[in-house]
1. Taking the options Arg255, Arg273, name whichever one is at pLDDT 95 or above, over 29 Å from Ala112 (Cβ atoms) and not hydroxyl-bearing (Ser, Thr, Tyr).
2. Residues that are crowded, with 19+ Cβ neighbours inside 10 Å, at positive phi and not in a helix (DSSP H, G or I): does region 199-206 have at least one?
3. Considering only residues that are hydrophobic (A, V, I, L, M, F, W, C) and more than 11 Å from Gln218 (Cα to Cα), which ones fall in region 187-201?
4. May I ask you to verify whether Leu122 is touching a residue at least 60 places away in the same chain (Cβ under 8 Å) and closer than 26 Å to Leu238 by Cβ?
5. Can you tell me which residue among Ala100, Ala129, Ala109 is in contact (Cβ under 8 Å) with a residue 24 or more places away in the chain and touching a Cys at 6+ places or on another chain (Cβ under 9 Å)?
6. Residues that are out of contact with any Leu (no Cβ under 7 Å at 6 or more places or on another chain) and free of Cβ contacts under 8 Å to residues at least 12 places away in the same chain: does region 241-256 have at least one?
7. Select from region 154-191 the residues that are closer than 22 Å to Pro235 by Cα, surrounded by fewer than 18 Cβ atoms within 10 Å (Cβ to Cβ) and within 14 Å of the ligand (Cβ to nearest atom) and list them in ascending order.
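The values are calculated or read from the model by the stated rules, or taken from the named source; none is laboratory data. Here the structure is a predicted model, which means the values were calculated and not measured. Methodologically, a virtual Cβ is constructed for each residue, glycine included, from the backbone with ideal geometry; neighbour enumeration extends over all protein chains shown.
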Amino acid sequence: MSAADPVRIAAIEAGGTKVVVALCDADGAPLEQARIATRDPQTTLAEVRDFLEAAQLRHGTAHACGVASFGPLTLDPHAADYAHLRRTPKAGWGGTDLRAMLPVNLRAAPFAIDTDVNAAALAEQRHGAGRGLASLAYITVGTGIGVGLILDGRPVHGLLHPEAGHLWPRRAEDDAFPGLCPFHADCFEGLASGPAIEARWGATLDALPPDHRAFDLQADYLGQLAAQVVLLAAPERLVFGGGVMAQQALFTRLRARAQHWLGGYVDSPLLSRDDFIVAPALGTASGVLGAFELGRDALRAGTEG
Ligand code: ZN
């Protein structure tokens with residue numbers, strides 16, 4: 001790397017329906033980008049590899065690579081199955097080594113991988129709804145419920161990574177819906193994801209009138225999740241995204257229910273502000289931008305080390 005050879009970073013967002021892959025400049029702007037439909041792992045990863053090989057010929061070699069992927073994933077770089085998908089409902093993908101999508105020239109380059117929600121949280125914290133804050137939770141409510149967590153500017157890892165969408169709420173008295181989660185039935189994901197809303201009410205929120213019980217119940221469960229995330233990790237902001245949160249009417253009620261469940265116990269002036277719980281500022285761009293940030297961090301760590 002030099003002034004004559006500016007930094008380039010490969011950024012890959014691997015999702016259940018599509019993979020977005022970009023070769024980016026030093027600021028994260030894509031020099032070239034592609035969307036590839038997610039099919040079986042061999043076909044999909046080969047297309048990503050082909051794209052990166054061709055893009056590097058046109059724009060120059062990448063210096064690092066960051067990946068944001070659906071999970072669950074092994075994130076411990078010392079583990080034998082690092083960057084492998086673990087047991088996943090996505091047919092055929094369990095055990096897949098995601099580094100197989102790297103071109104040969106990138107296999108020894110600085111590399112980082114994280115969950116899609118941790119990467120989105122990182123992008124929102126650095127460039128979006130959490131700018132200026134050191135901590136943030138990104139909660140996506142769509143086909144599932146995922147929680148990405150940034151503390152002290154870094155994504156949280158441990159055994160694997162947080163799975164707070166599978167915490168469980170106190171059930172509403174009038175809610176007899178059994179829940180859809182194959183592991184826990186009535187965890188938050190089982191009760192309040194998009195598929196759970198459709199199964200319970202026979203309709204999506206956008207097809208229901210705003211005074212329908214579905215909105216209050218949804219806001220209550222998400223308010224409980226917000227409160228639990230605050231009690232556990234104390235992030236300075238909660239960003240709620242995903243298809244279900246496109247219903248703007250949810251935000252006001254969600255803020256009120258989060259306050260209700262916190263019960264006045266957490267004594268911070270931030271909590272009562274409308275910007276404590278917000279929509280994403282980056283929209284769908286947060287995945288690939290988060291992957292870029294992971295790659296850039298890996299490059300910095302590699303250069304410093
Ligand atoms: Zn669950």
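1. When all the criteria are applied, what remains is Arg255.
2. The answer is no; no qualifying residue exists.
3. Across region 187-201, the qualifying residues are Cys187, Ala199, Trp201.
4. Criteria met by Leu122.
5. It is Ala109.
6. yes
7. Within region 154-191, just His166 meets the criteria.
Here is a yes/no grid of residues against (1) over 27 Å from Gly263 (Cβ atoms); (2) small (Gly, Ala, Ser):
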residue	(1), (2)
Ile139	no, no
Leu151	no, no
Gly165	no, yes
Ala172	no, yes
Ala176	no, yes
Phe183	yes, no
